[in-house]
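Reviewing the structure listed below.
Just so it is clear, none of the values below were taken in a lab; they were calculated from the coordinates. All figures in this text were calculated on a predicted structure; none of them were measured in a lab. Counting neighbours? That spans all protein chains shown, and the Cβs are built from the backbone with ideal geometry, glycine included.
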Ligand code: NAD
Ligand code: AHE
Ligand code: ZN
C-alpha cells in the first residue's frame, strides 16, 4: 500500500462553478506510475470548455489542468525510464511505443490508456485523488491544477533541467499544439500562403511556426482588434477582423490569397469558423486543419463540392507530436531561441488566483496565464 499525502489543488466540484482551492488526498504511484510535483501550469481554453460543461467527456468533481511542468518525486514499481529528480512535462497524449497506433508510425494518438483517461481514472480504473473520503476524477490524465499528481510513466516527457518551469509548462499543450500543427500535421512548405483563425494561445503559436518554416503571406483572423498587434509580433503579415469586412469573409480571404490559401488553421473551436477556414482554401490543393475543440453536439458541414474540388479537411491533436520523443526537442527549440514563449505568458498567478485566469481568458485580456506553485 503506497503512502497517502496531502496536496493543494483547485477542484472543479461542478460545471460552471468557480474552482475551489482545497487540500486533497493523493495516493502514491502504483506500478508503472510516477508522482510529480507540479511547479507551474498553464490554463488552456480546453480547461475552460470542460469547466463550462461543454465537453462530452466532462466529469465532476475533477482536478482540471493539462499544461504543466514539474519534478518527479516518487517512482512506482517497475518504472525504468524516469528517476526521482527528473524535470518533466505531463502528457495528455502519451507515447507507449507499443500500441497499434504508436507502431503504425502514422499518428501520435497513442491508444494505450485513452479509454481510462477519458473516464477520469488511472489505467487500473481508480482515481489517486480524493477529498473528504470521496474520489475526485483526473482530467486528461494530467490534473496539473494540483501541486502533486500521479501519471503513468508512458505519459511523462523528460526534459532538460535548465528549462524554466513557468515557461516550459506551456509546451505541455499550447506551444506544441500550434507549432506541431504547422510542422507535423500540415507540413507547411516555404512560400506557402497561410490563414490562421483565432489568435489566442494556440493561434499565435501557429503564426510563429508559419514564420519559422518560411511561409509567405501569413493572414490572421480574429474578432478582437487587440490581436492585430499580437499577431504581428509573431509573424502575421495581414490582419482581418471579420466584423469589419464588407460582404463575404471567405470571398475577401480568397481575394487576399489569389484564389485561396495553401493552408488554413482553425484555432477557435467555432464550427462556423471551421467551415470558413475550409472554404478559404485554394481549389485543388488547399488544406484546412481543425485544431479548435467544438462543444458537445456541434457538427461541421460544407458542400461536398468543396472537397470534390480538391480542398482537404483534417484535424490535429497535440500538434501531431509524439510526446516523449518530440516534447524534449520543442523545449530545446525554446531554449535555443528558435521559438518564443515568454511574451505570450501575459499573467503569472498563485493557485489561489486561478479563477482570475479563466476571467482573463474569456475577456480576451490574456494570451496565456500561468499558475506558479
Ligand atoms: P484562446 O481563448 O486563447 O483564443 C481563442 C481566440 O479565438 C481568441 O483570440 C478569440 O478572440 C478568437 N475568436 C473567437 N471567436 C472567433 C471568431 N468567430 N472568429 C475569429 N476569431 C475568433 O483559446 P486557445 O487556448 O488558443 O484555444 C483555441 C482552441 O484550440 C480552443 O477550442 C481549444 O480548446 C483548442 N485546443 C485544441 C488543441 C488540440 O490539440 N487540438 C490543443 C489546445 C487547444
Ligand atoms: N473530450 C472532448 C475532446 C477534446 C479534444 O479533442 N481534446 C484534444 C486536446 S485539447 C487540448 O487542449 C485531443 O487531444 N483530442 C484527442 C483525444 O484523444 O482526446 C470530446 O469531444 O469528447
Ligand atoms: Zn490545451
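How high is the relative contact order of the chain? Use alpha-carbon pairs under 8 Å, at least six apart in sequence, and give a whole percent.
Averaging sequence separation for qualifying contacts and normalising by length gives 18 percent for the chain.
Quick one: compute a quarter of the convex hull surface over the Cα atoms of segment 81-193 and quote it in nm².
Projected over every direction and averaged, the Cα hull of segment 81-193 covers 9.5 nm².
Can you put 131, 318 in order, fewest other beta carbons within 10 Å first?
Final ranking by Cβ density, sparse to dense: 131, 318.
Kindly identify segment 73-137 as rounded, prolate or oblate by the Cα gyration tensor criterion: order the square roots of the eigenvalues as a ≥ b ≥ c, call it rounded if a/c is under 1.5, otherwise compare a/b with b/c, prolate if a/b is larger, else oblate.
Oblate is the answer for segment 73-137, as a/c is 1.5 or above yet b/c matches or exceeds a/b.
Applying 1/(1 + (r/R0)^6) with R0 = 30 Å to the Cβ-Cβ distance of residue 251 and residue 299, what FRET efficiency is obtained, to the nearest 0.05?
The value I calculate is 0.80.
At a 10 Å Cβ-Cβ cut-off, how would you order 62, 99, 173, 44, fewest neighbours first?
So the residues, fewest neighbours to most, are 99, 62, 44, 173.
How far is helix 323-335 tilted, in degrees, relative to the longest principal axis of the Cα atoms in the chain, given as a value from 0 to 90 rounded to the nearest 10?
So the inclination is approximately 70 degrees.
Is the C-alpha gyration tensor of segment 190-249 telling us rounded, prolate or oblate? Criteria: a/c under 1.5 is rounded; beyond that, a/b larger than b/c is prolate, otherwise oblate.
Oblate is the answer for segment 190-249, as a/c is 1.5 or above yet b/c matches or exceeds a/b.
Size of segment 172-214 along its principal axes in angstrom, Cα-based, largest extent first?
Taking max minus min along each principal axis of the Cα atoms, segment 172-214 gives 27, 18, 14 Å.
Which of 213, 121, 188 ends up with the largest GNM mean-square fluctuation for the chain, with Cα atoms connected below 10 Å?
In the Gaussian network model the winner is 213.
Helix 203-212 sits at what angle to the longest principal axis of the chain, using alpha carbons and giving 0 to 90 degrees rounded to 10?
Taking Cα atoms only, the helix is inclined about 70 degrees.
For segment 177-317, what Kirkwood radius comes out of the mean inverse Cα-Cα distance, in Å?
Here the Kirkwood hydrodynamic radius works out to 14.5 Å.
Could you state the angle between the C-alpha long axis of helix 354-363 and the longest principal axis of the C-alpha atoms of the chain, as a value from 0 to 90 degrees rounded to the nearest 10?
The angle comes out near 10 degrees.
Just rank 244, 119, fewest to most, by other beta-carbon atoms within 10 angstrom.
244, 119
Where the centroid of each part is defined by its Cα atoms, how far is segment 27-88 from segment 225-300 in Å?
33 Å
Determine the calculated [θ] at 222 nm for the chain from helices alone, applying -39500 (n - 2.57) to every DSSP H run no shorter than 4 residues and normalising by the residue count; nearest 500 deg cm²/dmol.
-6000 deg cm²/dmol
Counting pairs of Cα atoms in segment 7-103, how many percent are more than 19 Å apart?
53 percent
Evaluate the Kirkwood expression for the hydrodynamic radius of the chain, namely the inverse of the mean inverse distance over all pairs of different C-alpha atoms, and round to one decimal in Å.
For the chain, the Kirkwood estimate is 20.8 Å.
Answer rounded, prolate or oblate for segment 19-165, using the Cα gyration tensor with square roots of eigenvalues a ≥ b ≥ c: rounded when a/c is under 1.5, else prolate when a/b is larger than b/c, else oblate.
rounded
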